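K.L.:
Just passing along the structure, written as structure tokens.
Every read-out reported here was derived from the displayed coordinates using simple, explicitly stated rules and does not represent laboratory data. Since the model is a prediction, treat every value here as computed from it, not as a measurement. Counting neighbours? That spans all protein chains shown, and the Cβs are built from the backbone with ideal geometry, glycine included.
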Amino acid sequence: MDADVVVIGAGQAGLSAGHALRRAGLDGARPGGRPGGFVLLDAGDGPGGAWAHRWPSLRLDRVNRIHDLPGMPQPAAPPDTPASELMSAYFADYEQVFELPVRRPVQVRAVRADDHGFRLDTSEGWWTARGLVNATGTWTRPFVPSYPGRADFRGRQLHTAGYRGPEEFAGQHVVVVGGGISAVQHLAEISEVATTTWVTRREPVWRTDDFDADAGRAAVAMVDERVRAGLPPVSVVRVTGLARSPMLAAATARGVYTRLPVFDRITPDGVHWDATATSPARDLRADVLLWATGFRAALDHLAPLHLRTPGGGIVMDGTRVVAEPRLHLVGYGPSASTVGANRAGRAAVRELLATLQRAPAA
Ligand code: FAD
């Protein structure tokens, strides 16, 4: 099956790119149809991107701010609506209204380049494309750091990606690992029904009142600088600091955010800190280790293109991969937010179509 442009992933970033391709006048590519046009290949079972999988207690009044997709506002919904519910329905409508040619579930397994473009090995056969927009997010690549003893822990371990809400932890002791927004939200919820311990590698940074649009732009610029240098991106939220929403303020008042440094090893029954100059060795019993330790960019299918630098990242110029100008990454690095994904989708399509116009067609 041949397309001019394949968009891999149909979350916020992929749909934004799809919208821009539609506006640029491209048709949907169809199997058996004439070659050309564009298609979005998405591994999900249904619309919504990663939002479809987020835990039910992540309600609209508990997210930072979810920006509308380009050209169509979100429907109004009560603040206690689960974000997963609203966003899945909104994305489904969006795909229909703009007649976006999304094919799912289609997993892209490997991408290879040739003189004319790319060959994509997918769970539904081969696709070729002259240009690619990669919008595969991070949700499918949860990251858990390795600590000695992890395999011996007799309790339950789970990552944010597997968190469904606090109820299942009632009466237990839960150690939450990680200093980001997911960790503090898990702690606020779980501490209502269980006892908790919070461990982070660094002292958490709470956002102060002087955080404004300029500070937000500076944070995005910092992540942009990293990816231009070929370093792995860090989450934009990690740079902006943690905002104290009313839910987090209530948890703060309950003393939930007293933080400890990360333990030295995991024991069968909990975690252990070695002695330091200021504190004796210590063991803590735990029923659950909840790893709120983030995600990595889901880019394994691009491995045959050999884009990784020794520093572990991909050298970028905006959304364009410097070593492969027919490939754009959106929702990656500085554009890993709903507003960033919107802008990146639009910018990537504009630049990619200009590149393809200059290149001879196959
Ligand atoms: P995703 O939504 O993850 O979409 C990627 C799509 O690609 C998925 O549908 C997936 O199935 C598909 N895919 C993956 N691999 C393949 C493959 N190999 N082949 C085919 N398809 C594939 N941002 C905000 O602006 N505000 C917030 O309040 C906010 N809250 C957040 C809360 C949490 C817990 C997290 C983790 C993130 C939050 N973010 C928030 C970030 C935001 O959700 C994302 O940056 C944004 O939704 C962009 O998504 P995306 O399109 O890049 O990726």
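K.L.:
What angle do you read, to the nearest 10 degrees and between 0 and 90, between the alpha-carbon axis of helix 12-23 and the longest principal axis of the chain?
P.N.:
It is inclined by approximately 20 degrees.
K.L.:
Starting from the Cα coordinates of the range 183-289, work out the convex hull volume and express it per residue in Å³.
P.N.:
Details: hull volume 15.9 nm³, N = 107.
Once divided by residue count, the hull of the range 183-289 is 148 Å³.
K.L.:
Treating only the Cα positions of the range 212-255 as identical point scatterers, give the base-10 log of I(q)/I(0) from the Debye formula at each q in 0.32 Å⁻¹.
P.N.:
With no solvent term, the Cα-only Debye profile gives -1.05.
K.L.:
Can I ask one more? Over the range 259-312, what per residue volume does the convex hull of the Cα atoms give, in whole Å³?
P.N.:
Here the figure is 163 Å³ per residue.
K.L.:
Continuing with this model, one more query. Which residue, ALA110, ALA281, ALA50, has the most motion in a Gaussian network model of the chain that connects Cα atoms within less than 10 Å?
P.N.:
Per the Cα network of the chain with a 10 Å cutoff, ALA281 tops the list.
K.L.:
So, how do all the Cα-to-Cα distances of the chain break down into 10 Å bins, in percent, from 0 on up?
P.N.:
5, 23, 30, 24, 13, 5, 1, 0
K.L.:
Moving on. What residue among TYR332, PRO268, LEU248 has its Cα farthest toward the positive end of the dipole of the range 203-362, where the charges are +1 on Lys, Arg and -1 on Asp, Glu, each on the Cβ?
P.N.:
Result: TYR332, furthest along the dipole toward the positive end.
K.L.:
Another question, then. Given H placed on each backbone N at 1.01 Å, which residues far from ARG59 in sequence or on other chains put an amide H within less than 5 Å of it?
P.N.:
Amide H to amide H, under 5 Å and 5 or more residues apart or across chains, ARG59 pairs with ALA83.
K.L.:
Further question on the same structure: For the range 1-109, state which GluC sites (Glu not before Pro) are in a DSSP loop and have at most 11 other beta carbons lying within 10 Å of their beta carbon.
P.N.:
Those satisfying the criteria are GLU99.
K.L.:
Here is a further query. Convex hull over the Cα atoms of the range 99-219, averaged projected area in nm²?
P.N.:
Result: a mean projected hull area of 13.8 nm².
K.L.:
Give the Rg/Rh ratio for the range 1-51, taking Rg as the radius of gyration of the Cα atoms and Rh as the Kirkwood radius, to two decimals.
P.N.:
0.98
K.L.:
If you don't mind, another one. Residue by residue, what Karplus-based ³J(HN,Hα) values in Hz, rounded to whole numbers, does the range 244-253 have, using 6.51, -1.76 and 1.60 with θ = phi - 60° and x for Gly and Pro?
P.N.:
Working through the residues one at a time gives 8, 5, x, 5, 6, 5, 5, 5, 4, 5 Hz.
K.L.:
Note down the relative contact order for the chain as a percent, whole number, built from C-alpha pairs under 8 angstrom at least six residues apart.
P.N.:
23 percent.
K.L.:
So, one more: Counting helices only, and only those DSSP H runs with n ≥ 4, report the 222 nm mean residue ellipticity of the chain as the sum of -39,500 (n - 2.57) divided by its residues, in deg cm²/dmol to the nearest 500.
P.N.:
About -7500 deg cm²/dmol.
K.L.:
I'd like the projected area of the range 293-355, averaged over all directions, using the convex hull of its alpha carbons. Report it in nm² with one decimal.
P.N.:
The number I arrive at for the range 293-355 is 4.8 nm².
K.L.:
Considering Cα pairs under 8 angstrom that are at least six residues apart, work out the relative contact order of the range 84-203 and quote it in whole percent.
P.N.:
Relative CO of the range 84-203 lands at 14 percent.
K.L.:
Can you tell me which of THR258, THR267, THR160 moves the most in a GNM of the chain? Springs connect C-alpha atoms under 10 Å apart.
P.N.:
Ranking THR258, THR267, THR160 by mean-square fluctuation puts THR258 first.
K.L.:
Right, something else. Semi-axes, largest first, in whole Å: what does sqrt of 5 times each Cα gyration tensor eigenvalue give for the range 66-112?
P.N.:
The answer is 26, 14, 10 Å, longest axis first.
K.L.:
Output wanted: per-residue J couplings in Hz (rounded whole) for the range 300-313, from phi through Karplus 6.51 cos²θ - 1.76 cosθ + 1.60, θ = phi - 60°, x for Gly and Pro.
P.N.:
Per residue, the Karplus-derived 3J(HN,Hα) values read 4, 5, 8, 3, x, 7, 6, 8, 5, 7, x, x, x, x Hz.
K.L.:
Bins of 10 Å, beginning at zero and ending with the bin holding the largest distance: percent of Cα pairs per bin for the range 69-162, please.
P.N.:
Reading upward from the zero bin: 11, 26, 28, 23, 11, 1.
K.L.:
Just how many % of Cα pairs in the range 248-351 lie over 25 Å apart, if you round to the nearest whole percent?
P.N.:
So the pairs more than 25 Å apart make up 52 percent of the total in the range 248-351.
K.L.:
A follow-up question, please. May I ask for the Rg/Rh ratio of the range 237-287, computed from Cα atoms with Rh as the Kirkwood radius, given to two decimals?
P.N.:
1.10
K.L.:
Relative contact order of the range 249-362, please, whole-number percent, based on alpha carbon pairs below 8 angstrom and at least 6 residues apart.
P.N.:
About 11 percent, as a whole number.
K.L.:
What residue among ASP93, ASP68, ASP214 shows peak mean-square fluctuation when the chain is described by a Gaussian network model with Cα springs under 10 Å?
P.N.:
Fluctuation is largest for ASP214.
K.L.:
Determine by what factor the alpha-carbon radius of gyration of the range 1-144 differs from 2.2 N^0.38 Å, reporting the quotient. Spell out each step's value before the answer.
P.N.:
Working: Rg = 15.8 Å, N = 144, 2.2 N^0.38 = 14.5 Å.
In units of the 2.2 N^0.38 Å rule of thumb, it is 1.09.
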